[in-house]
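Novice: Okay, here's the structure, questions in a sec.
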Amino acid sequence: MKILKIAAIPFLTALLSTACSSDDNGNIPEIVNEEEVITTMTVTLSPEDNGADIILSKTDLDGDGPNMPVFNVSGNLTSGTTYTGSIELLNETVTPAENITDEVKEESEEHQLFYTSDDNLDVTTVSVDNDSDGNLLGTEFTLTAGAASTGTLTFTLRHEPKKPNDGTLTDAAGETDAEASFSITVE
Amino acid sequence: MRNYVLVLLLYCSGSAISQTCSNSLSGTVIDSHDGTLLVGATLIVAGTEQSVDTDFEGKFTISGLCDQSYSIQVYHPYCSTRGFTVRVSGDTKRTFRLEHHLEELNEVTLQGKAMLTKTKTLNENVISSDALERFSSGSLGDALNSLSGVSSLNTGNTVVKPMINGLHSSRVLIINNGVRMEDQEWGSEHAPNIDVNSAGNLRLIKGAGALQYGGDAVGGVIVAESAKIPVTDSLYGKTILTGASIGRGTSLTTQLTKSYKNGWYAAVQGTVKRFGDFEAPEYVLSNTGTFERNAALHVGLNRFNYGLEAYYSLFKNEIGILRASHLGGAEDQIRAIASNRPLVINDFTYDINSPRQDVTHQLARLKAFKRFEGIGKVSLQYDFQQNHRLEYDVRRGDDRNDASLDLQLKTHTAMLDFDSHLSENSSLKAGLMGRFQNNFANPGTGVRRLIPDYDKYDFGVYATVDYRLNDDWLVEAGGRFDYSYMDVLKYYRASLWEARGYDERYPEIVVLELDNQILANPEPNFNNFSATLGTTYSFNDNYKMYLNYSLASRAPNPSELFSEGLHHSASRIELGDLDFNSEIGHKVALTFQRESDIFSFSVNPYVQRIDDFIVIEPTEVQQTIRGNFQVWEYRQTNAQLLGVDVDASYAFAHNFRYNHQFSVAKGNDLSRKEPLINMPPVNTKNAVVYQNIDLNNLRLQLQSEYVFRQNEYPETNFDVFIPATQTSETVDVSTPPDAYHILNFDSSVDIGIRGKSDLTVGFGITNILNTSYRNYLNRLRYYADDLGRNFTLSLKLNY
C-alpha cells in the first residue's frame, strides 16, 4: 500500500496546502472535562442531640464510563432521633471540584430533590428549603428515624419537574439528573 | 414534401459535380452525451447546398464528393446546430456528435425523465420535478419515501433519513450536483443537508452499481441533480408557495434561470421554510418546529467541446427535537414509554428551544470538461464542503445556552473523470478521486467530544465498461479501489480504555496519560475493493430485465469506531470499537419490468449478504449517578437481507389510473440467528389518480397507505430497579407499534394566466381520518404519536 500512498501524494498536495492551515496535527487538542456531570452525591445527616454525623455518599468518578459507582454509608440511624439533612452534589472530574448544589440553588425553580423510602424502612423526611417561587427545593431536610427497621432510602434530583407537585416522583415528572439509593438501618 | 425537394436538390447538385468527383461521406449522427442515434438530423454541405437526412438508424450517406475539405452543417430539431469541417479522401466515414440539450429540457420539464442513467444494469427509480414539487415544503427524505423500497428512519417529523431496502446512514451515498455529500451522514438522527427544491430530479439506485461516486454504497445511491439548462437565449423561473395547517407554517421557494445561445448560463435558487410545533391528532408535539433557509447559485458555460461551471449552495436548518424525548436514565424512560401521551405538552409555538439541532452546510464546486474528438470527454472537478453541526441539549447553569455538540467537518475533493465511446457499441468510464477531510470538535462545549478530531485521506480509482451485444442485450462491468487513512487524536476515558482492553492491545498509540483521560492517536487505514457486473435484456418494446451483482466495501465511520458516551436523544450510552474492519456487501438484484401507457409494472427482488455488518445493539445496563442507562455497543456480524419491491400502474379507464406499490424486506443477523433491528415493516401504497389534460390538467389523487406491524425484531428490553416502587420493571424498547392505515388526498389544477406564465394550484390532505399511529422507524415513537390531519395549499407560478 506504500505505493498507493505515494501515488496519492501529488494528487492530494493541492488539497492539503489549503486544508492544513487551521488544525495542525502537531497540536494536541484541548482536553474536555465534563462540565455538567455529577460525580458525587453526599448526604449529611446531623443528629439534633449533637451525636456524630451520618454520611451517605455515592461516587462515580468516571461519569458515564464503565466503572460502577461506589456507595458509602457511615453508620446506622438511631430510632427516635431527628436529623438535620443536607445534600451536596459535586463534579469531581475537575480540580477543584465544582459544587453543583450551588447551581441547583441558583436555578432553584427548575430543580427539586425528592426522598423516597421503601415500605420496610421507618423514616419520615420533610423538605425544609424553598425555591425562589416558594415551592419546595429539597437540598435541606429533616429526617426522623422511627422504629428499628432496614430498607432503602433514595434521593433523586429532578430537572424541570412540575412545580408544585404532590411530592411523588411520578407526579413531578422532569428528568433525573442524579439518583442514589442507600441501604439504611434504623436501630 | 420536404424530402422530395431534398431528393431533387441532391439529384441536381449531384449531377452538377459528378463528372469529377465520386467519393461518398457516410456515418451516423449521435447524441454526444450518451451515444443515442439521432434520427431525422439534416446535414447540409456548404457550397453545394447538398442536403441529406439521417434515417431511422441515425445513418446518412452523402455522395458525389471530391477529395477536399467540406464544411457541413448538422441540424436536429432538439439540438443546437453545429458546423463541422471534414476532409474527404476516398469514401470517408464520419460520426457527428450533437448535443442533445433541448430534448433533455423537454424531458425534464414535461415528463421528468432525464437522458443520462448512472448505471445501465440496475433499474433506477426517478422522481421527476413535477413529483418533487409536491414535497416542496417537506424534506428530501419525504420525497424519497414515495418510492417503493425506500423508507425513512425518522427522528420526529423533520429529521427524515432515507433508508434503501432497510439500509441507511453511511450505507447510502447522497450525490448533490455531482458532489458526494459529506454532512456527518453517519448519525442516524442527522438528516441529509439538501434542499429538496434545489433538485431538478432525484434518482435512486438500489445498490452499489454507480461506482463513479464511491464503492461503499452498501445500501444504494441517491443522486440529486439540478434541472438541465438549455443552450438557447432564455429567461425563466418558478416560484412555489406552500402553506400547511400542521406546524402552521409556510415554505417559499423560487428559482430563476438565464441562458444564452452561446452557452453561458446562470441560475439562482432560494428557499425559506418556517414551521412551528407539529401536531399529533390529540396533542401538540412540543418543540418540533423547524426553520430552514437555503440558497444556491450556478454560473457556467456549456459548449459542445468544452464547458465549465461554478456552483455554490448554502443550507441552514434549525430543527427542534420533541421536548418529551429528552430523558435522564431508565426510570425516566419507563415513565415516558408507559405514558400514552408525551410527558411534556405545551401550547403551540414557533420557538425552537433545546433540544435542537442547528446545521449549516456549504458546498462549492468547480467543474470543467473538455471533449477530445475521437477520444472522449475529460472532466475535472474540485469541491469543498463545510458542515457545521450544533446540537443543543437541555442543560444547567452557565452551559444552558451552549451547544453540547459542535462539530465542523471540512472536505476537499478532486476528481478526474474520463468518458469515452470505445466503439459504437461500447463505452468506458474511468476516473481518479482524492479527498482530504478534517473534523474539528470544539472543546468549548464542556462536553467530551462525541466524534474526535481527525484528518482523513481517501484515494480512489475506478473504471466501468458497458458493451451492447445486440439490440436486446447489454452487459456492464466495473471495478473500484479505495484507500483510506485516518489520523485521529482522541481522549478516551481511562476507565473505558482499560475496560475494553485497549491498554494491553494498543499501548503504542497513547500520546498522553492524564488523571482520568488518555489521549490516543489511532491511525486506522482501509483498502476497499468494489465491483459491479450486470446485464439488461429487452424482450420486446415493452418488457425489459435487469440483472446486477454488486460488491460494496465500506470502511467503518467515525461513529462506529469512536463513539463513547451518553447519547441524550436516545437515552443510552453508545460505544464504538477501534478494532473494526470494513464491511463487505454482496448484492444481487433482478428487475423485471413492463413499460407501456396502459399497464406498467416492475418487480424487483434482491438478496444481499453483508459480511462484518456493523450493528449497534444493547449489551448491558450501566449504573451512573444519573440513574441506569442501557449500553448499546457496535459489533460486527454477518447479515442477510432479502426482499422484493413491486410497482404497478394501470390506466383502467380514460383519464383514470391505479398505482400500486408493495415492499417487503427481511433482515437477519446470521451469527445470532435473530432479525436485524430497524428493518422496514411490510408496506403497501395504493392510489387512484384522475388526470385530465383537457380540463386544465386537473389532477386528483386518493392514496391509501398501509403499514403492517413489524413482527420480526430482536428483543432488546431490559430490567431496571425502581426505588420509588421497590420493584424491578422492564423497559420495553423493542416491541414495535401496531399496523396503521392512513388516507391521503392530493390535487392540482393549472390556471393559465397571460403570456408564457402559468399558475398551478395544489391542495392536499394527509392523514384524512386523523388517525393516531406510531411508526416503527421513528426513533421518537416511544414518546409520541405521529402527525395528525394536515391540510396543504400550494401555489406554483412558472414564468
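Throughout, read-outs are computed from the coordinates displayed, never taken from laboratory work. All figures in this text were calculated on a predicted structure; none of them were measured in a lab. Because the Cβ atoms are built from the backbone with ideal geometry, glycine has one as well, and the counts that use them run over all protein chains shown.
Novice: Could you name the lysines in cross-link range of B:Lys685, using Cα to Cα under 22 Å and dropping any fewer than eight places away on the same chain?
Specialist: Qualifying lysines at Cα under 22 Å: B:Lys161, B:Lys206, B:Lys666.
Novice: Beyond 17 Å, what share of the Cα-Cα pairs of region B:103-222 remains, rounded to the nearest whole percent?
Specialist: The answer is 53 percent, as a whole percent.
Novice: What order do you get for B:Ile222, B:Ile451 when you list them from fewest to most C-beta neighbours inside 10 Å?
Specialist: Going from sparsest to densest Cβ surroundings: B:Ile451, B:Ile222.
Novice: Rounded to the nearest 20 Debye, what is the dipole magnitude of the protein assembly as shown about its Cα centre when Lys and Arg each give +1 and Asp and Glu each give -1 at the C-beta?
Specialist: For the protein assembly as shown, the charge dipole is close to 6040 debye.
Novice: Further question: In whole Hz, with x marking every Gly and Pro, tabulate ³J(HN,Hα) for region A:107-116 from phi via Karplus 6.51 cos²θ - 1.76 cosθ + 1.60, θ = phi - 60°.
Specialist: Values per residue, Gly and Pro as x: 10, 4, 6, 9, 10, 7, 9, 10, 10, 10 Hz.
Novice: Something else about it: Considering the Cα trace of chain B, what is its radius of gyration and what is Dmax, both in angstroms?
Specialist: Looking at chain B, its Cα Rg and Dmax stand at 28.8, 112 Å.
Novice: Another question about this same structure. When only DSSP loop residues count, what GluC sites (Glu not before Pro) in region B:253-334 have their Cβ near at most 15 other Cβ atoms within 10 Å?
Specialist: Answer in residue order: B:Glu282.
Novice: For every other residue with a beta carbon closer than 11 angstrom to the beta carbon of A:Tyr83, add +1 if it is Lys or Arg and -1 if Asp or Glu, then tell me the sum.
Specialist: Neighbourhood net charge equals -3.
Novice: Order these by the 10 Å Cβ neighbour count, fewest first: B:Thr61, A:Thr59.
Specialist: Least crowded to most crowded, the residues run B:Thr61, A:Thr59.
Novice: Identify, among B:Gln710, B:Pro737, B:Asn697, the residue whose Cα sits farthest towards the positive end of the charge dipole of region B:690-766, taking +1 on the Cβ of Lys and Arg and -1 on the Cβ of Asp and Glu, with the dipole about the Cα centre.
Specialist: Going by the Cα projections, it comes out as B:Asn697.
Novice: Provide the net charge surrounding A:Ala148, with neighbours chosen by a C-beta distance below 14 Å and charges set as Lys +1, Arg +1, Asp -1, Glu -1.
Specialist: Counting the neighbours of A:Ala148, the net charge comes to -2.
Novice: Check which residues have an amide H placed less than 5 Å from B:Ser24's amide H, if you skip close sequence neighbours.
Specialist: B:Leu65, B:Asp91, B:Thr92
Novice: While we're looking at this one, here's another question. Sum -39500 (n - 2.57) across every DSSP H segment of at least 4 residues in the protein assembly as shown, then divide by the residue count to get the 222 nm mean residue ellipticity, nearest 500.
Specialist: Calculated from helices alone, the mean residue ellipticity at 222 nm is -2500 deg cm²/dmol.
Novice: Provide the per-residue ³J(HN,Hα) series for region B:179-189, in order, calculated from phi with Karplus coefficients 6.51, -1.76, 1.60 and θ = phi - 60°, each as a whole number of Hz, with x at glycine and proline positions.
Specialist: 10, 6, 5, 10, 10, 6, 5, 5, x, 6, 10
Novice: Can you work out the PRE-style zone for B:Glu729? Point 7 Å along Cα to Cβ, and I want the residues of region B:332-365 with backbone N under 13 Å.
Specialist: Label zone hits: B:332-340.
Novice: Based on the Cβ-Cβ distance from B:Asp472 to B:His660, what FRET efficiency comes out when R0 is 35 Å, to the nearest 0.05?
Specialist: Approximately 0.80, to the nearest 0.05.
Novice: What's the whole-number percent of alpha carbon pairs in region A:38-186 lying beyond 24 angstrom?
Specialist: Roughly 31 percent, once rounded to a whole number.
Novice: As a test of the definition: which semi-axes, in Å, follow for the protein assembly as shown when you take the square root of five times each eigenvalue of its alpha carbon gyration tensor? Largest first, please.
Specialist: Its equivalent ellipsoid spans semi-axes of 63, 30, 24 Å.
Novice: When a/c is below 1.5 the answer is rounded, else prolate if a/b is larger than b/c, else oblate, so apply that to region B:211-296 with a ≥ b ≥ c taken from the square roots of the Cα gyration tensor eigenvalues.
Specialist: In terms of gyration-tensor shape, oblate.
Novice: Okay, moving on. Taking the Cα centre of region B:103-222 as the origin, how large is its charge dipole in debye, to the nearest 20, when only Lys and Arg (+1) and Asp and Glu (-1) carry charge on their Cβ atoms?
Specialist: Taking the Cα centre of region B:103-222 as origin, the dipole is about 360 debye.
Novice: Let's test the formula: R0 of 30 Å, r as the Cβ-Cβ distance of B:Asp611 and B:Ser538. What FRET efficiency results, to the nearest 0.05?
Specialist: 0.30
Novice: Would you mind ranking B:Asp347, B:Asp277 so that the residue whose beta carbon has the fewest other beta carbons within 10 Å leads the list?
Specialist: Placing the least packed residue first, the sequence is B:Asp347, B:Asp277.
Novice: On to the next question. How about B:Lys370: which lysines have a C-alpha closer than 17 Å to its C-alpha, ignoring those fewer than 8 places off in the same chain?
Specialist: In chain and number order, the partners are B:Lys429.
Novice: Among B:Phe526, B:Ser251, B:Phe629, which residue has its Cα positioned farthest towards the positive end of the charge dipole of region B:223-798, with +1 placed on the Cβ of Lys and Arg, -1 on the Cβ of Asp and Glu, and the dipole taken about the Cα centre?
Specialist: Towards the positive end, the residue furthest out is B:Ser251.
Novice: If you don't mind, there's one more thing I want to ask. Taking θ = phi - 60°, what integer Hz values does the Karplus form 6.51 cos²θ - 1.76 cosθ + 1.60 yield along region B:378-388, in sequence order, with x for Gly and Pro?
Specialist: 10, 10, 10, 9, 10, 9, 10, 10, 10, 10, 10
Novice: Moving on to the next point. Roughly what angle does helix B:2-17 make with the longest principal axis of chain B, taking Cα atoms, 0 to 90 degrees, to the nearest 10?
Specialist: 50
Novice: Among residues other than B:Val761 whose Cβ falls under 10 Å from its Cβ, what is the net charge (Lys/Arg +1, Asp/Glu -1)?
Specialist: 0
Novice: Rounded, prolate or oblate: which fits region B:302-344 when a ≥ b ≥ c are the square roots of the eigenvalues of the alpha-carbon gyration tensor, with rounded for a/c under 1.5 and prolate only if a/b beats b/c?
Specialist: Prolate, since a/c reaches 1.5 and a/b exceeds b/c.
Novice: A further question on this structure: Going toward the positive end of the dipole of the protein assembly as shown, with +1 on Lys and Arg Cβ and -1 on Asp and Glu Cβ, which of B:Gln381, B:Thr54, B:Phe275 do you reach last?
Specialist: B:Thr54
Novice: If the cut-off is 19 Å between C-alpha atoms, which aspartates and glutamates fall inside it for B:Lys673, apart from same-chain ones fewer than 8 positions away?
Specialist: Straight-line reach from B:Lys673, under 19 Å: B:Glu583, B:Asp611, B:Asp612, B:Glu617, B:Glu633, B:Glu712, B:Glu715.
Novice: Report, in debye and to the nearest 20, how large the dipole of region B:223-798 comes out about its Cα centre when Lys and Arg carry +1 and Asp and Glu carry -1 on their Cβ.
Specialist: About 2020 debye.
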